[in-house]
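For reference, the structure discussed in these notes is given below.
The values are calculated or read from the model by the stated rules, or taken from the named source; none is laboratory data. Computed from a predicted model, the values in this text were never measured in an experiment. Backbone-built Cβ (ideal geometry, glycine too); neighbour counts: all protein chains shown. We work out accessible area using only protein heavy atoms, side chains counted, and drop any ligands, DNA or RNA first. Shrake-Rupley method; radii C 1.70, N 1.55, O 1.52, S 1.80 Å.
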Amino acid sequence: MTDATAHDVDRALAGEYVMGLLSFDERRSVEARLRQEPAFVEEVDAWEAYFAGLNENYGTVHPSRQSKARIDARLFAAPKRKSRWRVPISLVTAVLAMAVIIGFFVPNLGDAPHLAAQLGSDESNYSFSVSVGDEGDVLDIALTAGDVVPDRTFELWLIPADGTPRSLGTFNQSERLSTATMQEGALLAVSLEPVGGSQTGAPTGPVLATGVLGDA
């Protein structure tokens, strides 16, 4: 393979990474290269800059400062010795109860409808748009405000009813993620993590935005 051909392959691969077209294993391989190859980082940065204009099509909706503060406090509470990191069930129960009040929760969904959310916070300048397809198992997320941080990646988390955060995947500018079937009322959060994502199974960096999935 000539140098020109190799460059074209890398450029195409970087574009597929930014657009979220790679499999899980392919993304991990690309993220390993991003830690070692500055030239390949430049290819990814160029694609992210190219697609940045698409973010102007989305508005921003932020949760209240009080909601963000409560979620941050629970996510980063010091864990007890020899216990797994968990979000208290009481917090999740309260969030789901709030979703019921504002009409976001549907007890019997059957086939999952099209869902969407705007994730944000009064305490950061970041916001993200989330949409879920009709089947409920493919999620699209895009950065709509704020900057990509060098040597860091965003990680999307689902906070289910048992209180244990579950990673839905990492992304930079935007990503399409395969997930378990998502339901209306699901609590989502985005944290800032090292490239490759959290190695602990829980957020290790600051939580930049939160939100609840609702009917689109």
State which residue pairs qualify: first residue within 22 Å of Glu123 (Cβ to Cβ) and inside region 179-196, second residue at pLDDT below 85 and of a type in the set (Phe, Trp, Tyr) in any location, beta carbons under 9 Å apart, and separation of 6 or more residues or different chains. none
Leading residue by the ranking (farthest from Ala39 (Cα to Cα)) among those in region 130-149 that are open to solvent by 40 Å² or more (accessible area, probe 1.4 Å) and either touching a residue at least 40 places away in the same chain (Cβ under 8 Å) or among the polar types (S, T, N, Q) (or both): Glu135
Matching residues in region 127-151 (within 19 Å of Leu22 (Cα to Cα) and of a type outside the set (Asp, Glu)) number 9
Within region 8-36, restricting attention to residues that are surrounded by fewer than 13 Cβ atoms within 10 Å (Cβ to Cβ) and over 22 Å from Ser178 (Cβ atoms), which residue is farthest from the chain's Cα centre (by Cα)? Asp8
Of the residues in region 150-172, those that are open to solvent by less than 50 Å² (accessible area, probe 1.4 Å) and either of a type in the set (Phe, Trp, Tyr) or modelled with pLDDT under 80 (or both) come to Phe154, Trp157, Gly163, Phe171
Top-ranked residue of region 181-216 - restricted to ones that are part of a loop (DSSP other than H, G, I, E, B), in contact with an Asp or Glu (Cβ under 7 Å, 6 or more places away or on another chain) and open to solvent by 50 Å² or more (accessible area, probe 1.4 Å), ranked as modelled with the highest pLDDT: Thr204
I need every pair where a residue in region 1-18 that is modelled with pLDDT under 85 has its Cβ under 8 Å from the Cβ of a residue that is open to solvent by 70 Å² or more (accessible area, probe 1.4 Å) and not hydroxyl-bearing (Ser, Thr, Tyr), sequence separation at least 6 or different chains. Met1/Val9
